[in-house]
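Before any comments, here is the structure.
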Amino acid sequence: MSQGHDHKHAIPEVPERLELPGLLRGLAIALVVAGGAALGWAFSGGHAGLAWSSYLIGVFFALGLGVFGIAWISILYLAGGAWSVSMRRIPEAMTAWLIPGGVLALAAGLGAHSLYHWSHAEAVAADRILTHKAPFLNMTMFYALVGISILIWVAFAAVMVGASRRQDETGGIELTKKNHTFSAIFLVVFALSISVVSFYLLMSLEAHWFSTMFAVVVFTDVVQTGTAFVAIIAGLLKMGGKLKGFVNENHLHSLGKMVFASTGFWAYIYFCQFMLIWYANIPEETVYFLKRSANGWLPYFLILPVLKFLLPFLLLIPRDAKRRANRLVPISVLIVFAQFWELFVMVGPAVGHGTEAAHGHIPIVEFGATLGFTGLFLLVFGWALARNNPIPLKDPQMAECLHYHS
C-alpha cells in the first residue's frame, strides 16, 4: 500500500462546517445591543468626549483582531508551521472584519474635534509643535493614509485567502508558494502601515508626545490579543468536537506556546518604552507616563502589567495550561480583556478623563462600547467561518499537520 494511500485513509471525518457555539452567537448579539446602548447613552447625554473615546477604544480593539488574521497567516507561512494548517480557517475568517471594521475606523474621524487637539485650526495656529506637524496631522492625511493602509490590508487578505480557497479545489504546492511570497511582502508592508494607523488613531491623541517605540508596542498588542483570540476559538471548537482528529493537544501546545511567548514579548517591549525614556533622559517623552500617574490614573496603570503579563505568564507556565483547551481558553480570555484595559489606559488620560478617574470612574461606557464592537466582530467572524470549507485538506502540509507532535 502506498504512503499517499495511507494518508488518505488516515484523514479524520471532516466537519460539514465550522460554527461558533450557539451560546456564543447569542452572546455576541447581546453584546452588540449593550454596546449600542452604552454609546447611545453617551451621545444622547451630551458626553461627546466620552462617547468618541469609547468608540475609538472599541473600534481599534476589533480592527487589531481583523488585521492580525492576515498577519498570523503570513507568520506561519514563512515559519513553515505545518501544525497550524488545520486551524487556518480561524485567522482567515478574522480577516472578514477588515472591510466593515475599516469603515468604522475611518468613521472615528467624525469625532476628531472631540478626540484630537490637532484637528482644531486655531489650536494649530497657536502652537509651534502642532504647526510643525501640520503637514502630517491634518484630516485629509488622516483619511488618506489610514484609508490606504486599510485598503492594503484588505487587498492582501483577499489575495491570500483567495489562494487558500482555490487550493481546496486544485491542490498542489504552487498556491502555497504564492502565499509564501505574499507573506514576506505583507509583513514588511504591515510593519509600516500598522505604524501609520496607530500614529493617527492613538498616538496623535497626545500630539506633543514623541516616541520611537509606540508603533512596536501596538504591534505587540495586536500579536498578543490576536493569538489569544485564535486560541479561544480553536479551544472552543476542539471542546465542541468540531475539530476532532484535526486539532489535538500537540497543536494546542504549539498555539499555547505562541500565546505564552507573546506575553513576554509585550512585557519586554513595554519596558523598553519606559527604559529608553529613563536612561536617555528624554523629557518630551515623559508626558505619557506622567499623565497616567496623575488624576487618579495610577492604579489603572499599575494593574496593566498584571493583566497583560504577570497573570497570563504565571498561569501559562504549566505544560497542561498550554495543552488543554479548558485551561488555555479562560487564560486567553483574560489576555483579550487585558487589551481593552490597555486601550482604556492609552486613550482615557489623553482625552481628559482624569477627573472622572480621580472620583472612582468605572469604565462602564468604554467597556460597553468595546463589548459591542467585539460582538459585531464575532458575528462577522462567525459568518465567514461557517460559509467556507472548514479544513484545507489539499494543503501540501496537511499530512504533516495530522501527524504533528510538539
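A compact table of results
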{"quantity": "Modelled label reach - ALA191, point 7 Å along Cα→Cβ, segment 205-237 residues with backbone N closer than 18 Å", "calculated": "212-224"}
{"quantity": "ARG324, ARG319 arranged by Cβ crowding within 10 Å, fewest neighbours leading", "calculated": "ARG319, ARG324"}
{"quantity": "GNM result for the chain, Cα springs below 10 Å: residue of LEU311, LEU31, LEU50 fluctuating most strongly", "calculated": "LEU311"}
{"quantity": "Segment HIS132-GLU169, length gained on full extension (0.36 nm per residue, minus Cα span)", "calculated": "7.9 nm"}
{"quantity": "Which of ILE150, LEU385, GLY36, positive extreme of dipole for the chain (C-beta unit charges)", "calculated": "LEU385"}
{"quantity": "Sequence ranges 242-249, 185-192, ranked by mean other-Cβ count within 10 angstrom, highest first", "calculated": "242-249, 185-192"}
{"quantity": "Dimensions (Å) - segment 291-397, Cα atoms, principal axes, largest first", "calculated": "57, 34, 23"}
{"quantity": "Those residues of segment 40-74 whose amide nitrogen sits under 19 Å from the label point placed on HIS113, 7 Å along Cα→Cβ", "calculated": "42-56"}
{"quantity": "Exposure proxy order (Cβ contacts within 10 Å, fewest to most) of ARG165, ARG387, ARG292", "calculated": "ARG387, ARG165, ARG292"}
{"quantity": "Most fluctuating residue given options THR95, THR370, THR181, as computed from a GNM of the chain linking Cα atoms under 10 Å", "calculated": "THR181"}
{"quantity": "Inter-site label distance for ARG319 and SER293 at 7 Å from Cα along Cβ, in nm", "calculated": "4.4"}
{"quantity": "Reachable lysines from LYS308, criterion Cα separation under 21 angstrom, eight or more residues apart if same chain", "calculated": "LYS257, LYS291, LYS322"}
{"quantity": "Within segment 89-235: Cβ-based charge dipole about Cα centre, in debye rounded to nearest 20 (Lys, Arg +1; Asp, Glu -1)", "calculated": "240"}
{"quantity": "Cα centroid separation, segment 86-132 to segment 248-295 (Å)", "calculated": "23"}
{"quantity": "Dipole magnitude of the chain, debye to nearest 20 (Cβ charges: Lys/Arg +1, Asp/Glu -1, about Cα centre)", "calculated": "820"}
{"quantity": "Least to most buried among TYR268, TYR300, TYR77 (fewest other Cβ within 10 Å first)", "calculated": "TYR268, TYR300, TYR77"}
{"quantity": "Highest-fluctuation residue, LEU385, LEU315, LEU110 considered, GNM on the chain with Cα pairs under 10 Å", "calculated": "LEU110"}
{"quantity": "Lysines whose Cα lies under 16 Å from that of LYS177, excluding same-chain neighbours fewer than 8 positions away", "calculated": "LYS394"}
{"quantity": "Helical contribution to [θ] at 222 nm, DSSP H n ≥ 4, -39,500 (n - 2.57), averaged over the chain, rounded to 500", "calculated": "-23500 deg cm²/dmol"}
{"quantity": "Semi-axes of the equivalent ellipsoid for the chain, Cα gyration tensor, largest first, Å", "calculated": "38, 22, 21"}
{"quantity": "Largest-first principal axis extents of the Cα set of segment 113-239 (Å)", "calculated": "62, 32, 24"}
{"quantity": "Length-normalised contact order of the chain in % [C-alpha pairs under 8 Å, at least 6 apart]", "calculated": "36"}
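Laboratory data are not the source of any read-out in this text; all were calculated from the coordinates shown. Fair warning: this is a prediction, and the values are worked out from it, not measured in the lab. Ideal geometry is used to build each Cβ from the backbone, glycine not excepted, and the neighbour counts take in all protein chains shown.
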